[in-house]
Amino acid sequence: MMIKSVVQLKAFARQDGAFLSLLWIASFASLVLMPGLPLGNILALATPLFVGWRLAKFRDYALEGVISLRRGYAYSVYTFFYASAIFALAQYVYFKFLDGGVFERMLTETMQTVAPIYVRSGISQKELTDSINAITVMTPVQWAFVFMMQNLFIGAVVGLPIAAVCARRVGRGNRNASYGSNRLGNNSGQ
């Protein structure tokens, strides 16, 4: 029975990880294409709300409204894992074939803009120059890997409060709430 629960959890996390990766891709595209607008940042900051919403849907649809903190955390971590893998692949394709140095220039300009703040706080100009140079020599695989590791770390940290908010020991509300569209095998005569 435990293996069946893990398989079910991973299946829902894979599906929701794909949805989360779409949110991240839209956020990344907004940041790259429209860096002056806050849309990309808003979409990125919506990540915990999105994962919490999908966790609540999973809880209500598959688990009859009951989920432990541990299972909720596992769902969140798996969702972030699958989303990070898909997003890393999308970013690799972007950096390898579409970017043409745009992202690198954007980061370099940002680093140069904030450099005086870092210098005032005690970081030497040489350290800043070395950091900018390190950024400019990264390959598409390295960029995708850095973002993937960052997303996995964020998922491990943010997953716990998401799971805590969505954990429920006793089911309540509509036990037949739909997860995506309609619940499979739902008999309307019951």
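The values are calculated or read from the model by the stated rules, or taken from the named source; none is laboratory data. Keep in mind it's a predicted model, so treat the numbers as computed, not measured. Because the Cβ atoms are built from the backbone with ideal geometry, glycine has one as well, and the counts that use them run over all protein chains shown. Quick note on the areas: whole protein, heavy atoms, side chains included, nothing else; ligands and nucleic acids left out. Shrake-Rupley method; radii C 1.70, N 1.55, O 1.52, S 1.80 Å.
Some observations on this one:
- Residue in the range 90-105 that is farther than 15 Å from residue 23 by Cβ, loosely packed, with under 15 Cβ neighbours inside 10 Å and either of a type in the set (Phe, Trp, Tyr) or touching a Lys or Arg at 6+ places or on another chain (Cβ under 7 Å) (or both) present: yes
- Within the range 53-63, at least one residue is in a helix (DSSP H, G or I) and free of Cβ contacts under 8 Å to residues at least 12 places away in the same chain.
- Pairs where the first residue, in the range 104-118, is in a helix (DSSP H, G or I) and the second is polar (S, T, N, Q), C-beta under 6 Å, 6+ apart: 104/136
- Every listed requirement among (1) under 30 Å from residue 62 (Cα atoms); (2) out of contact with any Gly (no Cβ under 6 Å at 6 or more places or on another chain) is met by residue 167 save one, (2).
- Within the range 124-135, residues that are over 18 Å from residue 101 (Cβ atoms) reach partners that are open to solvent by less than 50 Å² (accessible area, probe 1.4 Å) and small (Gly, Ala, Ser) with beta carbons closer than 8 Å, at six or more positions or on different chains, in the pairs 125/115; 128/115.
- Taking the range 19-52 as the range and being open to solvent by 60 Å² or more (accessible area, probe 1.4 Å) and outside any helix (DSSP H, G or I) as the test, the residues that pass are 34, 35, 36, 37, 38.
- In the range 69-115, the residues that are at pLDDT 95 or above and acidic (Asp, Glu): none
- Of the residues screened, residue 4 is not one that is in contact (Cβ under 8 Å) with a residue 60 or more places away in the chain and either buried (at least 16 other Cβ atoms within 10 Å of the Cβ) or out of contact with any Cys (no Cβ under 9 Å at 6 or more places or on another chain) (or both).
- Residues that are closer than 25 Å to residue 54 by Cα, among the β-branched types (Val, Ile, Thr) and surrounded by fewer than 15 Cβ atoms within 10 Å (Cβ to Cβ) within the range 117-167 comprise 157, 165, listed in sequence order.
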